[in-house]
Amino acid sequence: MRILILGGTTEARLLAEDLAGRPDLAPVLSLAGRTARPLPPAIPHRIGGFGGAAGLAAYLREHRVEKVIDATHPFAERISANAEAACGSAGIPLLCYTRPGWQAGPGDRWTEVAGAPEAAEAIGEAPRRVFLTVGRLQLPAFAAAPRHDYLIRSIDPPDPPPDLPRHRLLLARGPFTQESETRLMREERIEFLVTKNSGGEATRAKLDAARELGLQVILIRRPAVGAAPAVHTLDAVLAWIHDAAPEERGV
Ligand code: NAP
């Protein structure tokens, strides 16, 4: 069965590793090409945009794709919308494979906001030391709050460089441990952590560290999910591939 996996996440990479060992399936992993040196996938892959929903629909036809799994990041809204439109028009089943969002627990000091501009505002008027792990695309919104000292962590250097008078870049790829995150935030005298509600284990240690240190967290909410069925586990994806109705829905 020809399956297209839209990836760029740990979930997609692990799914690809799992499917690599199944001779009845012919999966292809698609990456946007944002990361300069992506980890080498376990299955055949392609890199780069399709050219919108129409381009993706043409790709699906040309490669006679039978099922599509959208395992992109919960904040990658455009590709998910394109997948829904392209699969809808081509009559190809689409499954959304996403990690559940993080939930606040006892001791967490979270403020949830709708987007990056609201996050920049929520830090407040007084100059603060802020740990920013929001992804490169969201950085321009923080130019509206130039008074803070930002420690910006990303996998690759932001291009263009952040337009923030007081910032430092930390280039690193997770997973991180709670211990290392606590050490980092303590050494940097961080007061606010600003991040997106990406969910998943690989990057949750920073939230545990923030709780340990009693820091305030500003969490950008997830965009709304589309109409495609959504599952959170590899087993549920495998069941769907083999035609079982997905048992989990929503995020
Ligand atoms: P986006 O805004 O939803 O997509 C922008 C464009 O990039 C899409 O219209 C599509 O171009 C192309 N694209 C995105 N994902 C693709 C894929 N898997 N294969 C082929 N083309 C893809 O996405 P984004 O937020 O820029 O994220 C880009 C990639 O990074 C995604 O694959 C996502 O899983 C990963 N990622 C995103 C985040 C995040 O916070 N947004 C975090 C970690 C990883 P065309 O219209 O030309 O097809």
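Every read-out reported here was derived from the displayed coordinates using simple, explicitly stated rules and does not represent laboratory data. These numbers were taken from a predicted model, which means no experiment stands behind them. All Cβ positions, even for glycine, are placed from backbone atoms using ideal geometry, and neighbour counts span all protein chains on display.
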Per-residue [θ]222 nm for the chain (sum of -39500 (n - 2.57) over DSSP H runs n ≥ 4, rounded to 500): -8000 deg cm²/dmol
Range of Cα positions in the chain per principal axis (Å), largest first: 56, 37, 31
Mean Kyte hydropathy of -0.5 or more with a Cα span along the axis of at least 18 Å, helices from DSSP in the chain: 77-90
Rounded to 5, percent antiparallel among DSSP beta bridges of the chain: 0 percent
Separation of the residue 78 and residue 227 label points, Cα + 7 Å toward Cβ, nm: 2.3 nm
Amide N proximity, segment 208-236 versus residue 186 label position 7 Å along Cα-to-Cβ, cut-off under 14 Å: 209-215
Segment 43-124, dipole about Cα centre (Lys/Arg Cβ +1, Asp/Glu Cβ -1), debye to the nearest 20: 400 debye
Diffusion coefficient, µm² s⁻¹, Stokes-Einstein with Kirkwood Rh over alpha-carbon pairs of segment 1-148 at 25 °C and 0.890 mPa s: 140 µm²/s
Rounded to the nearest 20 debye, dipole of segment 86-149 from Cβ charges on Lys, Arg, Asp, Glu: 200 debye
Net dipole in debye of the chain [+1 Lys, Arg Cβ; -1 Asp, Glu Cβ; about Cα centre; nearest 20]: 540 debye
Sorted by Cβ density within 10 Å, fewest first, the residues 50, 176: 176, 50
Environment charge at residue 170 (Cβ cut-off 10 Å; Lys +1, Arg +1, Asp -1, Glu -1): +1
Rel. contact order, % - alpha carbon contacts under 8 angstrom, at least six apart, the chain: 19 percent
